Structures are given as structure tokens and as C-alpha cells.
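The values are calculated or read from the model by the stated rules, or taken from the named source; none is laboratory data. Note that this is a predicted model, so its numbers are computed, not measured. In this analysis, Cβ positions are derived from the backbone assuming ideal geometry, glycine residues included, and neighbour counts consider all displayed protein chains. With ligands, DNA and RNA removed, areas are computed over all heavy atoms of the protein, side chains included. Shrake-Rupley method; radii C 1.70, N 1.55, O 1.52, S 1.80 Å.
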Amino acid sequence: MTSTSTASRLSRLCCTLAPLLLLSYGVLRLIDGMDGHHGPGPAWNAGHLCFLAAFLLLGALLWELRALIPTSTARMRTAAGAATAAGLFGAACFVWVILGDLFPALSDTAPLPTPLELAGPLVFQLGLLTLLIMLVTTRPRQLPIWSPALVFAFFLLITVNLDLLPLAALVLMAALTPLTRSRTLHAAR
């Protein structure tokens, strides 16, 4: 199966809404923390609903990115499939934790195992970055090289301090901008 090389309506929606929802979560997280702690309350709950929606969209985006990668060889199919699986697994770990934050009874009865709390974010990052890098390195190039570099900067910013999430969300929005265009992607430079 070969790639369609065109950003779908779903991928454009994911690339636009996921960063906006992460921005909303980051701002609501800052508002929630103004009293010195983060915890249940209106800003906390609204922020986590935005965070949940963002990760559901990021999961859909991983699937959409997979569809853009040319899979003419077994190696490409395997690499794209593994990156997609890793990214989806990591996104599922995020969703599990977010649902546990929103519903403490769920977290008490079915907490995400500690090894997955550590591995989930890493494999999500690895999966997403791998798919984006594959879109840069395949011929014809489907993304500019700065796109995965900005996604890496997004991950670095939130690793340094979660209070940087609003800025990180804007960086992610810039990184995904080439995927929001409805034109054929192989004109990327």
C-alpha cells in the first residue's frame, strides 16, 4: 500500500485542535495552581478534559501520520507500524492517567502501573517523532526538517517544567502547521 501524500481532513483537525487543547490545559493548569497547589476544582477538571481530548486527537494523528508514510518496502512498513504502535500505546497510557486524575475512584481501583507511567510518555514521544522523521526522510519529502525538531522542542519544554505547557503548545502548533495544509505534502522543503 502506498501513501496518499495528502493531509486528510482528520489530520488537519488533529493538528489544529490538539495544540489548542494543550494550550487550554496549560493555561487552566496555571490558573488552578494560583493558590499554590494543583487539585480538583473547576479549572483542574476543565483542564484535564482538554488534556484528555488533546491526547485522543494525538492518538488519531498518529494513525493519520502512519497513512502518509510510503510503505513500499517491508522495512518501511515495519518501522511505521512499530512507531505507530508505540505512539498509540503511549497515548493510551496518558489517557489512563488523565482518566484517573478526573475519576479518583478509577485511579484507586486500577492505577497505571509505575513502569508504564515512566514508559508511556517516552514511547509516545518516540513514536510521534519517528513518524515525523520518516515523513522528512522519505522521498519525496513530505515535511520540512524543522517540524520534528519543533516537536522535540515541545517535549523538552514540558520536561523542563509543566508550567511551560502554554509555550510548548504554541511550539507544537507551529511544528504541525505543515500538516494542516490541504495541498499535497511532497512540496515540503
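Quick look at the values:
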item: Residue among Leu49, Leu56, Leu10 that is open to solvent by 50 Å² or more (accessible area, probe 1.4 Å), touching an Asp or Glu at 6+ places or on another chain (Cβ under 8 Å), assigned to a helix (DSSP H, G or I) and touching a residue at least 24 places away in the same chain (Cβ under 8 Å); result: Leu10
item: Qualifying residue in the stretch 73-86 (condition: surrounded by 15 or more Cβ atoms within 10 Å (Cβ to Cβ) and either touching a His at 6+ places or on another chain (Cβ under 6 Å) or among the β-branched types (Val, Ile, Thr) (or both)); result: yes
item: Which listed residue, of Pro111, Pro115, is part of a helix (DSSP H, G or I), open to solvent by 60 Å² or more (accessible area, probe 1.4 Å), free of Cβ contacts under 8 Å to residues at least 60 places away in the same chain and over 24 Å from Leu23 (Cβ atoms); result: Pro115
item: Test for Thr138: is it in contact (Cβ under 8 Å) with a residue 60 or more places away in the chain and open to solvent by 40 Å² or more (accessible area, probe 1.4 Å); result: no
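One line per residue, one yes/no per condition, for (1) of a type in the set (Val, Ile, Thr); (2) modelled with pLDDT under 95:
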| position | (1), (2) |
| --- | --- |
| Thr109 | yes, yes |
| Leu118 | no, yes |
| Thr130 | yes, no |
| Trp146 | no, no |
| Phe152 | no, no |
| Ala168 | no, no |
| Met173 | no, no |
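Here is a yes/no grid of residues against (1) among the aromatic types (Phe, Trp, Tyr); (2) more than 21 Å from Leu143 (Cβ to Cβ); (3) surrounded by 18 or more Cβ atoms within 10 Å (Cβ to Cβ); (4) at pLDDT 95 or above:
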site: Thr4; (1), (2), (3), (4): no, no, no, no
site: Gly33; (1), (2), (3), (4): no, yes, no, no
site: Gly41; (1), (2), (3), (4): no, yes, no, no
site: Trp44; (1), (2), (3), (4): yes, yes, yes, no
site: Ala91; (1), (2), (3), (4): no, no, yes, yes
